[in-house]
Amino acid sequence: MSVYALIDCNSFYCSCERLFRPELNGRPVVVLSNNDGCVIARSREAKALGIGMGVPYFQNRAFLRQHNVAVFSSNYELYADVSNRVMRTIQGMVPDLEVYSIDECWADLTGMPGDLDALGREIQARVRRWVGIPVGVGISTTKTLAKLAQWAGKTWRATGGVVDLTDALRQGRLLPLAPVGDVWGVGRKLTTRLQGLGITTAQDLARADLRIVRKEFSRVLERTARELRGEQWMRLHEAPPLKKEIISSRMFGHRVYRLEALREAMATYVTRAAEKLREQGSLCSTLLVSVQTGQHEPEERRYYRSLGIQLAHPTDDTRILVQAALAGLDPIYREGYAYSKCAVVLGSIVQTDEFTPDLFAPAGQGRPSELMQLVDRINARYGRAALHVGRMPADPGWQMRRELLSRGYTTRWGELPKVG
DNA sequence: TCTGGGGTCCTAGGACCC
DNA sequence: TCTGGGGTCCTAGGACCC
């Protein structure tokens, strides 16, 4: 029998902000999305105030001030660094680990001797002591059940955030109490449709007729239902698979009207995407560029258009990619719209040894660019964008807003905390 | 009335996750 | 004034093939 654990950091971004600001313990804390757009992380105290996930910041600013809520722009450099520390700590305590997201990981505990509940509490205590971040642990025989165990740990505080759900009897008690919408893989749309069929709890889904689930919904949901029954359909992925597409997009800090500004932004995003491409040692041969106005504009002022571009040879060269993206931008730009965002998606991603090179390709094309490797090394040493294409401005007017950014406590020499 | 069946590949779009 | 970003998987449907 397999045993999986899901370890999840509580209100991760808020916990990171508190790490070097202990006076914030007990005080409600929220963290905003890019551009200070909406609330994406809430401490327990903030949730208790009724602040919803994803609510727009500008509509709630007064309420937040009134309740003395500490508000932060997202500081991804800090969160990524703290996340690495958490993962390394857990890695030393379990046989196999899959980093699932910035604040969650799976562990394979199959065959671990001793009390699993006690192991869960040990992990929790060590991460708290070594890194300072509170975590919850859910343990069971499938990933979907482990996820549900972790949900139970959050929902019933008496558990202390650790729930061992390997026992069939305990599963039988929990499943009828769990709303189907809290099952991993069941989102809003599916919840509504399932409820229409009288399937309202995890137990209902586990007991549903699998043929009907497959026919009316999908194989994906069938797999979820089977996992709730204890059939193991998902395994651990220790080495993260290479990305099949790489997206770079961002809302602008202010609306943008001119083609020239869009070109700057596009060049910046393509540069970032190409860096990610090279980080995984891949080449790409298609791009999709898009521009759009705000979703909340009146109908007649909304505009969205995208264009796919096929390259002659797979490449990882920022210069070629930027040139192609800018050529694609021109025909989809229309004057007179208030643009809020542009994006690039790199696709048809391959490894160098995965395709047949073109005998007639110009020298240097169709393989990793040595020049780009040099640029990456220089930028790693002297700071991102020390060397960059001329189209990328140093201080763009459209840059995202981060007015409430905390310090780079662990990632910038000049911003280290001072003691004494 | 009624028009083959089955396979592959590609793309667009939907749904989900964090 | 102001509403996130990055990713995966699956499905349906069209084109094409034998």
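Among the listed residues A:Pro331, A:Pro393, which satisfies the condition of being touching a residue at least 12 places away in the same chain (Cβ under 8 Å), surrounded by 13 or more Cβ atoms within 10 Å (Cβ to Cβ) and at negative phi? From the options A:Pro331, A:Pro393, the qualifying one is A:Pro393. Inspection of segment A:16-37 identifies no residue that is touching a Gly at 6+ places or on another chain (Cβ under 6 Å) and in a strand (DSSP E or B).
If you go through segment A:370-380 one residue at a time, do you hit one that is more than 16 Å from DNA strand C (Cβ to nearest atom), closer than 20 Å to A:Arg250 by Cα and buried (at least 16 other Cβ atoms within 10 Å of the Cβ)? Reasoning before the result, please.
We begin by selecting, within segment A:370-380, every residue more than 16 Å from DNA strand C (Cβ to nearest atom); these are A:370-380.
Still in the list and also closer than 20 Å to A:Arg250 by Cα: none.
No, segment A:370-380 has no match at all.
Within segment A:22-46, the set of residues being within 16 Å of DNA strand C (Cβ to nearest atom) and not small (Gly, Ala, Ser) comprises A:Val30, A:Val31, A:Leu32, A:Asn34, A:Asn35, A:Asp36, A:Cys38, A:Val39, A:Ile40, A:Arg42.
Against the numbered list (1) more than 22 Å from the chain's Cα centre (by Cα); (2) at pLDDT 90 or above; (3) within 15 Å of DNA strand C (Cβ to nearest atom); (4) not basic (Lys, Arg), A:Ser290 comes up short only at (1).
Residue-by-condition table, conditions (1) within 16 Å of DNA strand C (Cβ to nearest atom); (2) over 30 Å from A:Gly26 (Cβ atoms); (3) outside any helix (DSSP H, G or I); (4) not hydroxyl-bearing (Ser, Thr, Tyr):
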position: A:Ala125; (1), (2), (3), (4): no, no, no, yes
position: A:Ile139; (1), (2), (3), (4): no, no, yes, yes
position: A:Leu145; (1), (2), (3), (4): no, yes, no, yes
position: A:Val163; (1), (2), (3), (4): no, no, yes, yes
position: A:Leu175; (1), (2), (3), (4): no, yes, no, yes
position: A:Trp184; (1), (2), (3), (4): yes, yes, yes, yes
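Only a single criterion out of (1) within 12 Å of DNA strand B (Cβ to nearest atom); (2) surrounded by 19 or more Cβ atoms within 10 Å (Cβ to Cβ); (3) among the charged types (D, E, K, R) is not satisfied by A:Glu227, namely (1).
Report whether or not A:Pro417 is more than 22 Å from A:Ala274 (Cα to Cα) and not in a loop (DSSP other than H, G, I, E, B). In short, no.
Taken over segment A:77-123, the criterion of being within 16 Å of DNA strand C (Cβ to nearest atom), assigned to a loop (DSSP other than H, G, I, E, B) and of a type in the set (D, E, K, R) is satisfied by A:Asp103 alone. When segment A:244-254 is filtered for residues that are away from DNA strand B (no atom under 16 Å from the Cβ) and modelled with pLDDT under 90, the ones remaining, listed by number, are A:Gly253, A:His254. Applying the criterion of at least 2 residues that are among the β-branched types (Val, Ile, Thr) and in contact (Cβ under 8 Å) with a residue 40 or more places away in the chain to the strands (runs of 3 or more DSSP E) found wholly in segment A:221-326 leaves A:246-256, A:282-293.
Might you check whether a residue that is touching a Gly at 6+ places or on another chain (Cβ under 6 Å) and either closer than 30 Å to A:Glu300 by Cα or touching a residue at least 24 places away in the same chain (Cβ under 8 Å) (or both) occurs anywhere in segment A:361-380?
No, that holds for no residue.
Is it the case, given these coordinates, that A:Ser74 is assigned to a loop (DSSP other than H, G, I, E, B), surrounded by 18 or more Cβ atoms within 10 Å (Cβ to Cβ) and within 14 Å of DNA strand C (Cβ to nearest atom)? Let's see the steps before the verdict.
Working: assigned to a loop (DSSP other than H, G, I, E, B): yes; surrounded by 18 or more Cβ atoms within 10 Å (Cβ to Cβ): yes; within 14 Å of DNA strand C (Cβ to nearest atom): yes.
So A:Ser74 passes the test.
The residues on offer are A:Ala273, A:Ala261, A:Ala265, and the sole one that is within 11 Å of DNA strand C (Cβ to nearest atom), at pLDDT 90 or above and within 20 Å of A:Arg334 (Cα to Cα) is A:Ala265. Among the residues of segment A:195-217, the one identified as within 27 Å of the chain's Cα centre (by Cα) and either within 16 Å of DNA strand C (Cβ to nearest atom) or at pLDDT below 95 (or both) is A:Phe217.
Here's a check for you: in segment A:86-110, which residue that is without any contact (Cβ under 8 Å) to a residue 12 or more places away in the chain and away from DNA strand B (no atom under 16 Å from the Cβ) is surrounded by the fewest Cβ atoms within 10 Å (Cβ to Cβ)? The extreme case among them is A:Gly92. If I filter segment A:304-323 for residues that are more than 16 Å from DNA strand B (Cβ to nearest atom) and touching a His at 6+ places or on another chain (Cβ under 7 Å), do I get at least one hit? No, there is no match, as no residue in segment A:304-323 is more than 16 Å from DNA strand B (Cβ to nearest atom) and touching a His at 6+ places or on another chain (Cβ under 7 Å). Picking from residues in segment A:1-16 that are away from DNA strand C (no atom under 16 Å from the Cβ) and at pLDDT 95 or above, the one that is nearest to A:Thr89 (Cα to Cα) is A:Ile7.
Of the residues in segment A:231-243, at least one is in contact with a strand residue (DSSP E or B) (Cβ under 6 Å, 6 or more places away or on another chain), within 30 Å of A:Val135 (Cα to Cα), within 16 Å of DNA strand B (Cβ to nearest atom) and modelled with pLDDT under 95.
The values are calculated or read from the model by the stated rules, or taken from the named source; none is laboratory data. These numbers were taken from a predicted model, which means no experiment stands behind them. Cβ sites come from the backbone with ideal geometry, for glycine too, and all protein chains shown count toward neighbours.
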